[in-house]
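These notes concern the structure reproduced below.
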Amino acid sequence: MNLNKILKTKYKFSQEVVEAISQENQAKIQQKLGELKLKNPSAGQLYQALIYKANKAEDELCNYLGRVDCSCEAGMQTLVDEALRLFPPKPGFFLKQDKAKELLIQNPPFKVISALGYKDIDEILNKENLYEIYGSLRFVETPAWLNQFIDNYQNLTKEDFEMRAIRVMVLSKRKWQDLSEQFTKKKYHNLTHLKEFGVIFAIPREISNEVGIVLTSFNLLLHYFNEVSMYSQIIKSFDNNFSERLINLLKGEIKNNGWRIIPRYLQKDENPDSRIFEPHINPEAIFWKKADQSLMQLAKELPGSNLDFWDNLDWVGGYFQSLNNKDKLITFNSVDIALSFANQLPLNKRYFYHYQEALWNKIYETQFQRSPEKYFTASL
């Protein structure tokens, strides 16, 4: 297993780590090829078999949840309600509503105000839901404005936060879909969240009955349950330099002297930051792993073997030859395959960046015999 080729890095991995990961990886691939009834498949054959398996996993989940129409508020609410019923997140430590309102008054989001047809911040706060206004900052205001807004957290103290339940809201399709269109296209999904405010938003999709939408949306909800909960615990643990650490956490500006911590998927950027090729762990892969574990708990209770096929495969993958004898990196990562299925991507446009980040976490765990989660929380 050529880790340097897979991860496009020049990092010198120890032979022991390479051998340990390679042996486990190969054993898992052979097991899954057996379950797929494939022997020495081409890259295309394997990719199509995995896409088909994701399709059947979607069917299994839909047979349990019902055929959810994610293009309307009622359908998305059904999905949210089922996720909350099966895997209710614990209460967290979140910004108080009065303080959130104060921040908006001090730093009015003029694009949001204008988009909804109001004249000023007072009018929009009087007539709109505070959580919706705060959440819309993510997809209406610019990234530069958001960064500047978060800088205003410098005056926040621990007393500005409180314990309360995570709130999951389905936004009005009529009101928010056009405003969120660019955001959903860039993110490849229709959910977003605000970690410091303890709120997760679902926006109905434009088209009904899109393939893969139930599987990807349900799993992403579980991901956000874990992400918002863990960040809440971290924020609650801050004592010294509270506001500075809060801002660094939310901006992903985490400093450390060992392996880097990169809290987002830099590979999605047009010109990825070179740090992505250096040794690091990625908290996003931790949250996906936890979401997968929750989904596998459900899968083991359902008839069929398509959903639980994906158990503990987030870091598993390797090179397979295409029909023209070129090496193609094929991942068994459930998120990459499910998103590739949902977006109907051909082999040459498939996703595999979730796999690469999960593999970095696996390498760290193998090399240091310590969980990436503990390293992440201890570095804050």
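Quick note: the coordinates plus some simple rules give every number you see, no bench work behind them. All of these numbers come straight from a predicted model, not from anything done at the bench. Cβ atoms come from the backbone with ideal geometry, glycine included; neighbour counts cover every protein chain shown.
Tell me which GluC sites (Glu not before Pro) from region 117-162 have a DSSP coil assignment and no more than 16 other beta carbons within 10 Å of their own.
Working: sites: Glu123, Glu128, Glu132, Glu141, Glu159, Glu162; in loops: Glu128, Glu141.
Filter output for region 117-162: Glu128.
In the chain, a dipole from Cβ-located charges (positive for Lys and Arg, negative for Asp and Glu) runs towards its positive end, and of Ser322, Ile113, Phe94 it is Ser322 whose Cα lies farthest in that direction.
Segment Ala378..Lys8, full-extension length gain: 130.4 nm, with 0.36 nm per residue of separation and the alpha-carbon distance subtracted.
When +1 charges are put on Lys and Arg Cβ atoms and -1 charges on Asp and Glu Cβ atoms, the dipole computed for region 31-94 relative to its Cα centre reaches about 440 debye. Of the two radii for region 229-380, the radius of gyration is 1.01 times the Kirkwood radius, both from the alpha carbons; that is the Rg over Rh value. With only Cα atoms counted, region 1-81 has Rg and Dmax values of 19.1, 53 Å.
In this structure, the amide hydrogen of Gly317, modeled 1.01 Å from its nitrogen in the peptide plane, lies closer than 5 angstrom to those of Phe332, counting only residues at least 5 positions away or on a different chain. Taken one residue at a time, the phi angles of region 68-80 give Karplus couplings (6.51, -1.76, 1.60, θ = phi - 60°) of 7, 8, 7, 8, 9, 4, 4, x, 5, 5, 4, 4, 4 Hz. Gly and Pro are set to x. For Val199, neighbours were defined as the other residues whose beta-carbon sits under 10 Å from its Cβ, and their charges (Lys and Arg +1, Asp and Glu -1) total 0. With contacts taken as Cα pairs under 8 Å and at least 6 residues apart, region 1-145 reaches a relative contact order of 11 percent.
Couplings 3J(HN,Hα) for region 220-234, derived from phi with the Karplus relation 6.51 cos²θ - 1.76 cosθ + 1.60 (θ = phi - 60°), are 5, 4, 5, 4, 5, 4, 6, 5, 4, 5, 5, 5, 4, 4, 5 Hz, where x marks Gly and Pro. In sequence order, region 40-57 has phi-based couplings of 6, x, 6, 4, x, 5, 5, 4, 5, 5, 5, 4, 4, 5, 5, 4, 5, 5 Hz under the Karplus curve 6.51 cos²θ - 1.76 cosθ + 1.60, θ = phi - 60°, and Gly or Pro positions carry x. Taking amide H positions as modeled 1.01 Å from N, with prolines and chain starts lacking one, the residues under 5 Å from Val168 and 5 or more places away or on another chain are Ile200. With q set to 0.07, 0.09, 0.11 Å⁻¹, the log10 of I(q)/I(0) for the chain, from the Debye formula over equal scatterers at the Cα positions, is -0.33, -0.55, -0.83. For the chain, a Gaussian network of Cα nodes joined below 10 Å ranks Pro279, Pro263, Pro303 by mean-square fluctuation, and the top entry is Pro303. When the chain is treated as a Gaussian network with alpha carbon springs shorter than 10 Å, the biggest mean-square fluctuation among Arg174, Arg164, Arg205 belongs to Arg174. DSSP beta bridges confined to the chain are antiparallel in about 70 percent of cases. Under the shape rule built on the C-alpha gyration tensor, where the axes satisfy a ≥ b ≥ c, region 34-134 is prolate, since a/c reaches at least 1.5 and a/b is greater than b/c.
Relative contact order of region 288-349, taken over Cα pairs closer than 8 Å and 6 or more residues apart, is 24 percent.
Would you work out the relative contact order for the chain, in percent, from Cα pairs under 8 angstrom that are 6 or more residues apart?
Working: 517 pairs, mean separation 88.0, N = 380.
Relative contact order here is 23 percent.
Comparing Leu347, Phe238, Leu220 along the charge dipole axis of region 209-368, the residue lying farthest to the positive side is Leu347, per the Cβ-charge model.
Here the simple spin-label model places points 7 Å from the Cα toward Cβ, and for Arg67 and Lys326 these points are separated by 3.9 nm.
Taking other residues whose beta carbon is less than 13 angstrom from the beta carbon of Lys127, and scoring Lys, Arg as +1 and Asp, Glu as -1, yields -3.
Given Cβ point charges of +1 (Lys, Arg) and -1 (Asp, Glu) and nothing else, what value in debye, to the nearest 20, does the dipole of the chain about its Cα centre take?
On the way: 49 positive and 47 negative charges, 170 e Å.
Around 820 debye, computed over the chain.
Just checking the listed ones, Asn324, Asn129, Asn226: in the Gaussian network model of the chain with Cα springs under 10 Å, the one fluctuating most is Asn324.
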